[in-house]
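The values are calculated or read from the model by the stated rules, or taken from the named source; none is laboratory data. These figures come from a predicted structure and were not determined experimentally. As a convention, Cβ positions derive from the backbone with ideal geometry for all residues, glycine included, and neighbour counts pool all protein chains shown.
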Amino acid sequence: MPEQLWFTEILNHLFAGPVTGLLRTFHIDPKYPQAPITNAVAMEFLVFLFLVTLFFLVRARLSVDKPGGLQHVFEGVHGFVEGQSHEIIGHHSERFTPFLVTLTFFILICNLIGLIPGFESPTAVPVVPLGCAVCAFVYYQTQGFRHHGIAYLKHFMGPMWWLAIIMVPIEIISHLARMLSLTVRLYANMFAGDMVTMVFFSLVPIGVPIIFLGLHIGVSLLQTYIFVLLTMVYLSGAVAEEH
Amino acid sequence: MSGQDDNSKPDRSGWVQLARYSQLAFVFPAATVAGWLIGAALDRWLHTTWLYLAGLILGIIAGFVELIRAALSSARK
């Protein structure tokens, strides 16, 4: 049996049977049928529950006259993301803001949850950043098709028609490489941050780890920002008119 | 195409530039690995033995194309 966090144990205790059954429906045989839910999935689920609760709380307490602290924080993040997307994408960037803000909150909380004892950063496991990158990839390609229709495919064919035969595979690879680079950047930074904090905690348990915890917070914020900002850059390329 | 479009708008923030340039370190190896993975997957699917090499070469070219686009866009600024 793999090492499980307390929250993972609770989830596996409650849902191991149905989850194993569901996986077997798709012809996937879990390595540990008694514990098919991994720590990363459990942490993602916890982040999801936390964010949904938070969104409900903010929604219930929305006030124009007396905005609370939580509303201020959410408005601040929303305004920041909206400003950045307007700067990068340009006009009509507002319709992308809900996706970008959700992505920001999800990645940020996933990065920061590892700082709390008894939890792990799910983004330090490659499949979670890959999932976020796949979401970003599918979203910007969908927006490209929504904006340009079938003409979006012309973007993959290069500047001259006779170059299309070589440009199409190159463009496909470079778009897939974006997904890979988003994944590796987030995963490697969070994994390294966790490792450094753990190594120094085991060497000098008092005082020194605080510095690395601070560094981890900084890296978490920066990597969230870079991930979302690059998603905006890719979105701006997908919906740009001057192709 | 989109790589050029990605960089066609003026940067107003140093942070935006930081994110864009941090991408450069990853884009070349990522494109190479992506090309190799696609080629290897096609090899398994089509029972061939050379497509991984073609994918690898195309991946390297794609990485160079992305790097040159980024360099040209920064030179324009």
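Among the numbered conditions (1) within 14 Å of chain B (Cβ to nearest Cβ); (2) of a type in the set (A, V, I, L, M); (3) within 28 Å of A:A192 (Cβ to Cβ), the only one that A:I109 does not meet is (1). Summed over the stretch A:158-169, residues that are surrounded by 12 or more Cβ atoms within 10 Å (Cβ to Cβ) and either modelled with pLDDT of 95 or more or more than 23 Å from A:M179 (Cβ to Cβ) (or both) total 1.
Taking the listed residues A:V64, A:V101, A:V81, the one that is under 12 Å from the mean Cα position of the chain (by Cα), β-branched (V, I, T) and at negative phi is A:V101, with no other qualifying. Of the residues making up the stretch B:22-69, those that are touching a Gly at 6+ places or on another chain (Cβ under 7 Å), within 23 Å of A:Y225 (Cα to Cα) and either outside any helix (DSSP H, G or I) or within 8 Å of chain A (Cβ to nearest Cβ) (or both) are B:V27, B:A31, B:E66. Among (1) free of Cβ contacts under 8 Å to residues at least 12 places away in the same chain; (2) part of a loop (DSSP other than H, G, I, E, B); (3) within 25 Å of A:V219 (Cβ to Cβ); (4) not aromatic (F, W, Y), there is one condition A:E120 misses while meeting the rest; what is its number? The one condition A:E120 does not meet is (1).
Assuming A:V128 fulfils every condition listed in (1) more than 13 Å from chain B (Cβ to nearest Cβ); (2) at pLDDT below 90 apart from one, which condition is it? Just one mismatch for A:V128, condition (2).
Within the stretch A:53-67, identify whether any single residue is within 18 Å of A:V228 (Cα to Cα) and surrounded by 14 or more Cβ atoms within 10 Å (Cβ to Cβ), and answer yes or no. Quick ask: steps written out before the conclusion?
Here is the first cut: in the stretch A:53-67, the ones within 18 Å of A:V228 (Cα to Cα) are none.
Checked against the condition, which is being within 18 Å of A:V228 (Cα to Cα) and surrounded by 14 or more Cβ atoms within 10 Å (Cβ to Cβ), the stretch A:53-67 yields no hits at all.
Only one of these conditions is not met by A:E242: (1) outside any loop (DSSP other than H, G, I, E, B); (2) modelled with pLDDT under 90. Which number is it? Unmet condition: (1). The selection criterion, being more than 11 Å from every other protein chain (Cβ to nearest Cβ) and among the hydroxyl-bearing types (S, T, Y), holds for A:Y139. Set side by side, the residues A:H175, A:H155 differ, and just one is closer than 27 Å to B:I61 by Cβ, in a helix (DSSP H, G or I), at pLDDT below 90 and within 14 Å of chain B (Cβ to nearest Cβ), which is A:H155. Might you let me know whether the stretch A:184-195 holds any residue that is under 19 Å from the mean Cα position of the chain (by Cα), under 18 Å from B:G35 (Cβ atoms) and at the interface with another protein chain (Cβ under 10 Å from one of its Cβ atoms)? So far as the stretch A:184-195 goes, yes, one or more of its residues are under 19 Å from the mean Cα position of the chain (by Cα), under 18 Å from B:G35 (Cβ atoms) and at the interface with another protein chain (Cβ under 10 Å from one of its Cβ atoms). Here the condition is being in a helix (DSSP H, G or I), within 14 Å of chain B (Cβ to nearest Cβ) and without any contact (Cβ under 8 Å) to a residue 12 or more places away in the chain; of A:E87, A:E75, it holds for A:E87 alone.
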